[in-house]
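Student: Right, I'll just put the structure down here and ask away after.
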Amino acid sequence: MEKLSPFLLRFNKTPSIAFRCLLQQKLRSILSIVGVICGVITVLIMLGTGEGAKRKILAQIERLGTRNIYIQSVTLNRDQTARAAELRSRGLRMTDGVYIQKSFPEAVRTAGLKEIKAGILGASMEFSPQIVASSESYDEILNLSIFSGRFLTRIDIEQQNLVCVLGNTVAKRLGAKGNPGQLIRIQNHLFRVVGVLTGLDPVSEEHSAIAIRNFNNMVFIPIGTEQFIDTSGIKSSSTGADHSFLNKNESVLDEMVIQMQRTDVVPHAAHLIQRIMDLLHYKADDFQIVVPLELLKQSQQTQRTLNILLAAIASVSLIVGGIGIMNIMLATVSERTREIGIRRAVGATRLDIITQFLIEAVILTFSGGIVGVLLGTAVVRFAAGVGEWHIVITFQALAIPLAMAVFVGIFFGLYPAYRAAKMNPVNAFRHE
């Protein structure tokens, strides 16, 4: 320990010496870190934008449910409609879900949904909620919580009760009529409000093949009761296929959701459900299967690639800043040749010289990193507030550019420090 004490004493003094040397050239020091500041701001914005986009996509897909498999009716052209009629495809029905549950024990819940072309009588022109007929388990599968009252039940569907559940926005727009127990008129029939959903953050975007529904603006009625108000009759509003051979009261769905017991069985289940549906629909291609879990995996892969690309682009700015630091440090070494000679003459070692110049470079880049983080955070907050961008600043988004700035200081300051340490003490001392 006694042998190390002189070195530790010199090392403790080195930062203060380096800091005083930088203060002697304030303007040069400030100008040398401009590139680092810009690089750190760029990295911070890139990381914040990437994290915001990732969280937004994850929130959308999680709302769809990673254990869920969606079966949707598709719009058919004239030839496809004729082929579906020829094959006597029955369209997407709840019996398809029942058959899937019997064939695949891991399928724990099934829910159907049909969009209805109808409106609430007395509602303003600016307010047009989406009327849908659904089965009783739709709220459980989609994790819809009830603010007041209840959701639809099996009894409502079996007895064709004229009841409805309102989205939070719909209930607020209807005022007192939107409370449970009140009656609202949908087309020519009165429906009793039995429940109101808890408000959810609205999502208007579409992700891949499936739309994120705005449940706040929806009105749910028991599936089957749409026959009383649906002006389009038994024909599916999506496929356009002729289903006149179906039972009069049988509903052709726009969407069906199958919930699996575990996430790990979803890929295999999706493949099996595709085969089952092909058999039930005689390969009429009047449906499509969408798996949110697969969308999630694709999004994560895309996000990883995007993050690597953004990091590479942002790193260029830091490299440019590092080159500027090296340039300034090389000029500083040339200007301080006599100082280096004097320090060597009074006992400073090569390691002392390398340490001093490295610390100077690190101080410069670290200072630039701190300023860049502060300015970058301010820019991100301003952009998020004015432009309504979804940008998230995490601890990693702050730590990574700061660590990169320090690394740039060490990497680009190493050569000037080594060059200074290699100087001949006698020649350096005589330098004018």
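Rule-based calculations on the coordinates, nothing more; no lab input. No experiment lies behind these values; they were computed from the predicted model shown. Positions of Cβ are backbone-derived with ideal geometry, glycine not excepted, and every protein chain shown enters the neighbour counts.
Student: Peptides 39-49, 409-419, 343-353: what's the order by average Cβ count within 10 Å, highest mean first?
Tutor: Per-residue mean Cβ counts within 10 Å order the peptides as 39-49, 409-419, 343-353.
Student: Is the shape of the stretch 264-317 rounded, prolate or oblate, going by the alpha carbon gyration tensor and its root eigenvalues a ≥ b ≥ c, with a/c under 1.5 for rounded and a/b larger than b/c for prolate?
Tutor: It comes out prolate by the Cα gyration axes.
Student: Then there's this: Contour minus end-to-end for residue 182 and residue 394, with contour as 0.36 nm per residue of separation and end-to-end as the Cα-Cα distance?
Tutor: In short, 71.6 nm is gained.
Student: Further question: Modelling each spin label as a point 7 Å along the Cα-to-Cβ direction, I'd like the residue 128/residue 159 distance in nm, to one decimal.
Tutor: With each label placed 7 Å out from Cα toward Cβ, I get 3.5 nm.
Student: Can you tell me which of 260-266, 30-36, 372-378 comes out highest on packing, and rank the rest after it, using the mean Cβ neighbours within 10 Å?
Tutor: So the peptides 260-266, 30-36, 372-378, ranked by packing, come out 30-36, 372-378, 260-266.
Student: Would you kindly state how much longer the chain becomes between residue 143 and residue 74 on full extension, computed as 0.36 nm times their sequence separation minus their alpha carbon distance, in nm to one decimal?
Tutor: Difference between extended and current length: 22.3 nm.
Student: What distance in nm separates the two pseudo spin-label positions at residue 419 and residue 338, each 7 Å out from Cα along the beta-carbon direction?
Tutor: 2.1 nm
Student: So if I take the alpha carbon set of the stretch 308-371, get Rg, then get Rh from the Kirkwood formula, what is the Rg over Rh ratio?
Tutor: When Rh is taken as the Kirkwood radius, the ratio is 1.13.
Student: Beyond a 27 Å Cα-Cα separation, which of these cross-linked pairs lie in this structure: 114/283; 56/177; 56/102; 54/172; 54/283; 117/297?
Tutor: Result: 56/177; 56/102; 54/172; 54/283; 117/297 exceed 27 Å.
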